[in-house]
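Q: Here it is, the structure, as C-alpha cells.
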Amino acid sequence: MYALAVFLPLIAAIIAGLGGRWLKDSGAQFVTCGALLASAAISIYMLFDVAVGGNPQTVELFTWISSGTFEVTWALRFDQLTAVMMFVVTVVSAMVHVYSIGYMHHDPSIPRFMAYLSLFTFFMLMLVTSDNFVQMFFGWEGVGLCSYFLIGFWYDRPAANDAAIKAFLVNRVGDFGFALGIMGVFFLYQAVSFDEVFAATPELSKATIHFLGAEYHALTVLCILLFIGAMGKSAQLGLHTWLPDAMEGPTPVSALIHAATMVTAGVFMVARLSPMFEYSPIALSLVVVVGASTAFFAATIGLCQNDIKRVIAYSTCSQLGYMFFACGVSAYSAGIFHLTTHAFFKALLFLGAGSVIHAMSGEQDMRKMGGLWRLIPLTYTMMWVGSLALAGLPFFAGFYSKDMILESAFAAHTGLGTYAFWLGIAAAIMTAFYSWRLLIMTFHGSSRADEKTLAHVHESPKSMTIPLLVLALGAIFSGFVGFDYFVGEHMAEFWGKSIFVMEGNNVIEAAHHVPFWVKALTIIVVLGGIGLAYAMYMGAPNSPARFVAAIRPVYLFVYNKWYFDELYDRIFVRPAFYLGRGLWKEGDGALIDGLGPDGVTAVVRNLARRASALQTGYVYHYAFAMLIGVAGMVTWYLYGQTG
C-alpha cells in the first residue's frame with residue numbers, strides 16, 4: 001500500500017499526459033487530483049504507522065543495476081524521516097493540484113500542466129523514499145527536469161523560457177558536485193546502499209582520499225561535494241540566483257517547488273546523510289556558515305522587492321537557510337521540523353498570493369494594489385495566517401520550529417553557532433518587517449490599481465479557497481501538534497534510527513534550557529519588525545520613500561540582489577559567450593571550415609571559374625590552343641626520344 005502512494009502520481013501523470021486529448025480538461029484534473037488525494041491519505045496513515053507507531057519498513061521492488069560486483073536494488077525506504085517527507089509532499093501537492101483547477105481554468109494546456117505537476121510529485125517521492133545514492137540521484141534529477149518543464153510552462157513567454165533555462169543550468173552546477181560526491185562514496189565504500197555506507201562510516205571516519213593532487217579527509221571531501229548539490233537544489237547563497245526568476249512559472253508551480261518539494265530536497269539529503277556529516281565537523285561548519293549567511297542575505301533582498309511572489313520567494317530562500325544551519329549544528333530534527341511547518345505556511349502564502357493575482361487580473365506589483373481587504377476578505381485572512389506563522393508569532397507553526405532552531409544555534413556554544421544565532425535574529429526582524437510590508441501594501445491603504453482592474457476584483461472560487469483553508473490549519477496547528485514528537489519529549493522514539501547525532505552533539509536537549517532572554521528575544525524582535533512596518537507603511541506612508549532616498553546606495557545594492565546576477569554575468573556568462581563566439585567564428589568558421597570543406601569548395605570554385613574563362617566562343621582561340629597542345633606533345637615526344 002505504501003508503494004501505491006509513491007506510484008499513484010506517476011500513473012496519473014501518464015494518463016493525463018498521454019490521454020489528455022480524450023480526457024479533456026476536467027478528466028485530467030479528476031485523475032491527477034484523485035491520485036494525489038489518495039496518495040496523501042495513504043501518507044497520513046503512514047505517518048502514524050511508521051513515525052508515531054515506530055514501524056519502519058523497506059519494500060524491495062527489483063534489481064535495478066547488476067554489473068559485476070556492483071548491484072543496485074530499486075527499494076522504497078519507509079522510515080520515520082521518509083514518513084514525514086511523504087506526508088508533507090503529498091498533502092501540499094494535493095492542495096496545489098486542487099487549487100490549480102480554479103487558477104488555471106482559462107489555460108489552453110490544462111492536461112499537460114496537471115501531468116507535469118503529478119510527474120514532479122512522483123520524482124520527489126522517489127527522492128525521499130530512496131534506499132541508495134543512485135536512486136536518490138534519479139529522483140534528484142527528475143525534480144530538476146520537471147522544474148524546467150513547470151517554470152517554462154508558458155513557453156511563449158521569453159522570460160519564462162529564460163527562467164527555466166537558468167534554473168536548469170544553475171542546478172546542473174550543484175548536481176555536478178552531487179554526482180562527484182556519489183562517485184566518491186562508491187570509491188571509498190565500494191557500495192551505494194545507505195545501510196552499508198552508514199554502517200561502514202565509523203570505521204572509515206579517519207580515512208583519507210587523494211583529491212586534486214593532495215590527501216584530504218575523505219568524509220569531509222565527500223560531504224562537501226554532496227552539500228554542493230544541496231546548495232543548488234535548495235537555492236543557498238552562491239547558487240540561489242535561479243529561485244526568484246522561477247516566479248515566471250504559474251503560481252501553483254511556485255507553491256509546489258518553493259514550499260514543500262524541490263527546494264527542501266537539499267535539507268532532506270543532509271538529514272538523511274547525518275551518519276556521514278556527523279563525522280565531518282568541517283562539512284558541518286560549512287553548512288552552518290552557508291545556511292546562516294543565506295538566511296540573512298535573502299531576508300535583506302526580501303525587504304526591497306515589489307513583486308508579491310518574489311517577496312515570498314526570497315522568504316523561502318531565507319527560511320531554507322534556517323533549516324540548513326540547524327542541520328549544521330546537529331539539530332537535524334529541528335531543521336526537518338521547520339521544513340514541515342514551513343511547507344504549510346509558505347504554500348499558504350504562495351497560493352494566497354495567487355488568489356490576489358487572480359483577483360487582480362494577473363497583476364503582481366504590490367505598488368499597484370492596496371485597499372483589497374474588503375474585496376477579498378477570505379484571501380486577506382489566509383495571508384494573515386501565513387504571515388503570522390512565517391514571522392514566528394507565538395502559537396502559530398513557525399514560532400515553534402524557528403525558535404527551536406535559534407535556541408539550538410545558541411545552545412551549541414560555538415563561534416559558528418553564535419554567528420548563526422545572531423544572523424538568524426537579524427533575519428527574523430527582517431522577515432517580520434517584509435511580511436507586514438506585503439500585507440499593508442497589498443490589502444491596506446487606498447487602492448493604487450486602475451479602475452478597470454479594480455472593477456473586476458473578486459474572491460477566488462472554492463477550488464482555490466478550500467486548499468487555502470486546509471493549509472491554514474497546518475500553518476496554525478502543525479507546530480503545536482508536532483513539537484513533542486519532532487524536538488520534544490518523544491523525539492527519540494519518533495525519529496528512531498532515521499536521524500543520527502553523535503554523543504555530545506545533541507543540542508536539541510540543551511536548547512530546552514537556554515536562558516530566558518534567548519527565548520524572549522525571538523518574540524521581541526518579531527514584534528519590533530511588525531511594529532516598524534506598521535509605523536512606516538500605515539502611520540507615515542511617505543517615510544519609506546524618504547528613508548530610501550537617505551540610504552540610496554545601500555538600497556540599490558540590496559534592491560539589485562547584491563549584484564549577484566551582474567557579477568555572474570561578468571565572470572561566467574560574458575566570457576562563455578566570448579569564448580563560444582571565438583570558437584565559432586575563428587575556430588570552426590575560419591580554421592576548420594576554412595581549411596576543410598569551405599576551403600576545398602573555394603579552391604574548386606576558383607579553378608572552375610578560371611577554366612570557364614577559357615571558353616570564349618572564338619574559333620581562332622581554340623585553334624591557337626590546339627596548336628599549343630600539338631607543339632607541346634611534339635616537344636614531349638622528341639624530348640623523350642632523345643632521352
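Q: Against the definition (in contact (Cβ under 8 Å) with a residue 12 or more places away in the chain and closer than 14 Å to Leu320 by Cβ), how does Leu239 come out, yes or no?
A: Yes; evaluated as a whole, the condition is true for this residue.
Residue-by-condition table, conditions (1) under 24 Å from Glu407 (Cβ atoms); (2) assigned to a loop (DSSP other than H, G, I, E, B); (3) in contact (Cβ under 8 Å) with a residue 60 or more places away in the chain:
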residue	(1), (2), (3)
Leu222	no, no, no
Pro252	no, no, yes
Leu286	yes, no, yes
Val289	yes, no, yes
Lys309	no, no, yes
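Q: Tell me yes or no: at least one residue of region 502-514 is surrounded by fewer than 11 Cβ atoms within 10 Å (Cβ to Cβ) and polar (S, T, N, Q).
A: no
Q: Here is a further query. Report yes if some residue within region 49-60 is on the phi > 0 side of the Ramachandran plot and surrounded by fewer than 24 Cβ atoms within 10 Å (Cβ to Cβ); otherwise report no.
A: Checked region 49-60: at least one residue is on the phi > 0 side of the Ramachandran plot and surrounded by fewer than 24 Cβ atoms within 10 Å (Cβ to Cβ).
Q: I've got another one for you. Among the residues of region 346-396 satisfying the criterion of being open to solvent by 10 Å² or more (accessible area, probe 1.4 Å) and β-branched (Val, Ile, Thr), which is nearest to Ala427 (Cα to Cα)?
A: Result: Val385.
Q: Let me ask another. Do we have any residue at all in region 54-62 that's of a type outside the set (Asp, Glu), touching a residue at least 24 places away in the same chain (Cβ under 8 Å) and over 23 Å from Ile499 (Cα atoms)?
A: Yes, some residue in region 54-62 is of a type outside the set (Asp, Glu), touching a residue at least 24 places away in the same chain (Cβ under 8 Å) and over 23 Å from Ile499 (Cα atoms).
Q: Need the failing condition index for Leu438 against (1) over 28 Å from Leu286 (Cβ atoms); (2) of a type in the set (A, V, I, L, M); (3) open to solvent by 50 Å² or more (accessible area, probe 1.4 Å), just the number.
A: If we test Leu438 against (1) over 28 Å from Leu286 (Cβ atoms); (2) of a type in the set (A, V, I, L, M); (3) open to solvent by 50 Å² or more (accessible area, probe 1.4 Å), just (3) comes out false.
Q: Taking region 397-423 only, how many residues are farther than 30 Å from Gly352 by Cα and open to solvent by 30 Å² or more (accessible area, probe 1.4 Å)?
A: Here the count works out to 8.
Q: Residues of region 88-109 being more than 23 Å from Trp22 (Cα to Cα) and either part of a loop (DSSP other than H, G, I, E, B) or of a type outside the set (Gly, Ala, Ser) (or both), which ones?
A: Val88, Val89, Thr90, Val91, Val92, Met95, Val96
Q: Right, something else. Are any of the residues in region 162-182 closer than 20 Å to Leu226 by Cα and among the charged types (D, E, K, R)?
A: yes
Q: Taking the criterion of being in contact (Cβ under 8 Å) with a residue 24 or more places away in the chain and within 19 Å of Ile257 (Cβ to Cβ), would at least one residue in region 178-197 satisfy it?
A: Yes; the residues of region 178-197 include at least one that is in contact (Cβ under 8 Å) with a residue 24 or more places away in the chain and within 19 Å of Ile257 (Cβ to Cβ).
Q: Within region 192-223, how many residues turn out to be of a type outside the set (Val, Ile, Thr), touching a helix residue (DSSP H, G or I) at 6+ places or on another chain (Cβ under 6 Å) and within 18 Å of Lys497 (Cβ to Cβ)?
A: Total meeting the criteria: 2.
Q: Among all residue pairs at least 6 apart or on different chains, which show Cβ distances below 6 Å where the first residue, located in region 139-153, is in contact (Cβ under 8 Å) with a residue 12 or more places away in the chain and of a type in the set (Val, Ile, Thr) and the second is part of a helix (DSSP H, G or I) and open to solvent by less than 10 Å² (accessible area, probe 1.4 Å)?
A: Val143/Met124; Val143/Met262; Ile151/Ala163; Ile151/Ala164; Ile151/Ala167; Ile151/Ala246
Q: A further question follows. Considering only region 258-284, state which residues are β-branched (Val, Ile, Thr), open to solvent by less than 10 Å² (accessible area, probe 1.4 Å) and in contact (Cβ under 8 Å) with a residue 60 or more places away in the chain.
A: Answer for region 258-284, where residues must be β-branched (Val, Ile, Thr), open to solvent by less than 10 Å² (accessible area, probe 1.4 Å) and in contact (Cβ under 8 Å) with a residue 60 or more places away in the chain: Thr261, Thr264, Val267, Val270.
Q: List every residue pair whose Cβ atoms lie under 8 Å apart, where the two residues are 6 or more positions apart in sequence or sit on different chains, the first residue falls within region 559-573 and is more than 15 Å from Gly302 (Cβ to Cβ) and in contact (Cβ under 8 Å) with a residue 12 or more places away in the chain, and the second residue, located anywhere, is surrounded by 15 or more Cβ atoms within 10 Å (Cβ to Cβ) and not acidic (Asp, Glu).
A: Asp565/Thr241; Tyr568/Thr241
Q: Within region 449-465, is even one residue of a type in the set (A, V, I, L, M, F, W, C), assigned to a helix (DSSP H, G or I) and open to solvent by less than 40 Å² (accessible area, probe 1.4 Å)?
A: So far as region 449-465 goes, yes, one or more of its residues are of a type in the set (A, V, I, L, M, F, W, C), assigned to a helix (DSSP H, G or I) and open to solvent by less than 40 Å² (accessible area, probe 1.4 Å).
Q: Continuing with this model, one more query. Restricting the search to region 515-537, which residues are within 17 Å of Arg367 (Cα to Cα) and open to solvent by less than 70 Å² (accessible area, probe 1.4 Å)?
A: Ala533, Met536, Tyr537
The values are calculated or read from the model by the stated rules, or taken from the named source; none is laboratory data. These numbers come from a predicted model, not from an experiment. Counting neighbours? That spans all protein chains shown, and the Cβs are built from the backbone with ideal geometry, glycine included. Side chains included, ligands, DNA and RNA excluded: accessible areas come from the protein's heavy atoms. Shrake-Rupley method; radii C 1.70, N 1.55, O 1.52, S 1.80 Å.
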